[in-house]
Each structure stands twice: as structure tokens, then as C-alpha cells.
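The values are calculated or read from the model by the stated rules, or taken from the named source; none is laboratory data. The shown structure was predicted, so the numbers you read here are calculated from the model rather than taken from an experiment.
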Amino acid sequence: MDIKNVLLIVRKEAGESIKNRWFLLYTICFSLLALLVLFLASSRSEIAGYSGFGKTAASLINLVLLFVPLIALVTGAISISSERENGTLSYLLSHPITKSEIFVGKFIGTLIPIWFSISLGFGLAGVGVAIGGGEGDVSKYITTAFLSALLAASLLSIGLLVSVYSKRASKSIGIAVFLWLLFIILGDLGIMGTTVAMGLGIEQVFALALLNPAEVFKIASVLALSPRFEILGPVGIYAVRTFGKEGVFYLLFGIMLLWTLIPLGYAYLAFTRFRKEEI
């Protein structure tokens with residue numbers, strides 16, 4: 001694999017993302033809403049026992065769950081399918097560049113702008129907390145930002161997997177939006193409904209939550225911020241008592257890594273094995 005070719009693709013993908021008006025709108029909205037969350041959090045004396053950086057990070061979790069999965073899934077879903085549809089992918093492969101270099105470059109090139117948006121939102125809110133004299137553990141705030149970046153990577157991998165198997169951008173976008181609804185909107189409702197309908201126990205509910213990267217992010221973020229694991233309810237109490245607080249966090253961190261690596265690996269294998277007539 002030629003690193004120079006990979007960097008060329010990274011530069012191309014990152015440049016296109018930055019110039020995209022929808023991406024710019026997303027970045028501006030996320031940053032402004034992060035500042036709004038900071039204002040609302042600082043206007044309350046207490047949120048679930050948090051203060052300063054912890055209070056702001058706790059408030060940002062729902063904002064991350066709303067914005068980051070949508071942009072990551074959609075961006076990943078159109079990264080390859082749109083170029084297959086308009087023929088630029090076959091043109092790109094006519095040059096001395098391999099499929100592996102294209103895939104790796106696309107993943108990194110689309111991930112960097114998303115990470116930039118997350119960093120900008122968290123950075124502005126963090127600066128606001130510091131200027132306002134906010135207290136709290138900065139490391140927990142950084143941990144929440146890091147988990148948000150990992151959530152973006154995992155859902156971008158899923159989006160790329162969708163993109164590899166879709167020849168039309170409209171189809172891949174539709175699947176990406178459906179997955180966003182499934183992961184975010186229907187996540188908690190789906191778990192509750194399945195629990196009630198099938199009479200699942202605490203162990204099964206916890207295992208079911210691990211099948212949703214957004215739920216994994218939410219549980220890990222709350223555990224990283226709050227010393228009171230009871231806030232997660234019976235499932236949180238079961239998990240902490242079974243694995244220990246640090247053990248649960250590292251388990252969830254490992255699950256998020258798997259949600260990144262497994263879809264990315266499948267997408268990579270499928271894309272590199274494409275025949276010329278399939279592109």
C-alpha cells in the first residue's frame with residue numbers, strides 16, 4: 001500500500017467534506033447547540049450530581065446521540081455508492097492506485113472532518129466552562145469527547161458497509177436514515193418492548209443493549225461521568241456488580257471498538273474483491 005496514494009485520497013475526501021454545504025451546516029449547528037447546552041447547563045445549580053465540566057458533558061451526550069450518528073451514517077453511506085453511480089470510482093481505479101488505498105483513504109478522509117466537528121463543539125463548550133470558572137474533572141469531559149469520536153468511527157464503518165453494497169446513493173442514504181432511526185429513535189423503545197414482550201431478565205437486557213453502538217456509547221459515557229452507577233437503573237447495577245465499574249467501562253469500550261472494526265473489515269473485504277464490472 002502506497003502511503004502517498006492514501007494521503008491523496010484522504011486530502012480529496014476531506015476537502016470535499018469541508019466544501020459540502022450540508023457538512024458546514026452540520027458543523028455550525030452542532031457547535032451552536034453545544035454552546036446552548038453549555039448555557040442551559042450552567043444556568044442550573046445541579047444536574048444529576050454533576051458540576052462544571054461534568055455537568056456540561058452530561059448535557060452534551062444527548063446532543064451527540066442526535067447529531068453524530070446521522071452525519072456519520074449518511075457520510076459513510078454515500079462515500080462509495082455515489083462515486084459508483086456517477087462513474088468516478090471506475091475512473092479513479094484507471095489510475096495507478098489500488099482498491100485498498102482508495103478504501104483506507106476514504107475512511108480516514110471522511111472520519112477526520114467528523115472528528116473536527118466533534119472537537120470544535122466540545123472545544124467551544126469546554127472553553128466556555130473554563131472561562132466561566134467551572135469546576136470538575138476535565139479528564140471525564142475529554143473521555144466523553146473521545147467516546148463521541150469512537151461512536152462516529154463505528155457508525156461511519158457501518159455506513160461504509162452499506163455504501164459498498166449499494167450501487168445507488170439514494171438507496172444507501174435511505175438505509176442509513178433507517179439505521180439511524182433504528183439505533184437512536186427506536187433503541188430504548190425497542191429494548192423496552194422486547195423486554196416486556198419476551199420477559200427478558202437483566203442479563204439478557206444488558207446483552208441486548210450491547211447490540212446497539214449508540215446504547216453502548218450512552219452507558220459508557222454515563223459510567224465515565226457519574227460516580228453513582230444507580231443512575232442507569234437495574235441494568236447498570238447488574239453490570240457494575242458483575243464486572244466492576246472499571247471492568248464495565250473497558251468492556252463497553254471494547255464493544256465500541258468491535259462495532260468499528262468488524263463492519264469496517266467486512267466493507268474492506270467486499271470492496272477489494274469487487275470485479276471490474278461491479279464498480
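Scan the stretch 79-109 residue by residue and report those that are within 19 Å of Leu261 (Cα to Cα) and either of a type in the set (A, V, I, L, M, F, W, C) or not in a helix (DSSP H, G or I) (or both).
Those that are within 19 Å of Leu261 (Cα to Cα) and either of a type in the set (A, V, I, L, M, F, W, C) or not in a helix (DSSP H, G or I) (or both): Ile80, Ile102, Phe103, Val104, Phe107, Ile108.
Of the residues in the stretch 186-235, how many are modelled with pLDDT of 65 or more and aromatic (Phe, Trp, Tyr)?
Matching residues across the stretch 186-235 total 2.
Only residues that are within 18 Å of the chain's Cα centre (by Cα) and over 20 Å from Leu92 (Cα atoms): list them for the stretch 8-23, please.
The answer is Trp22, Phe23.
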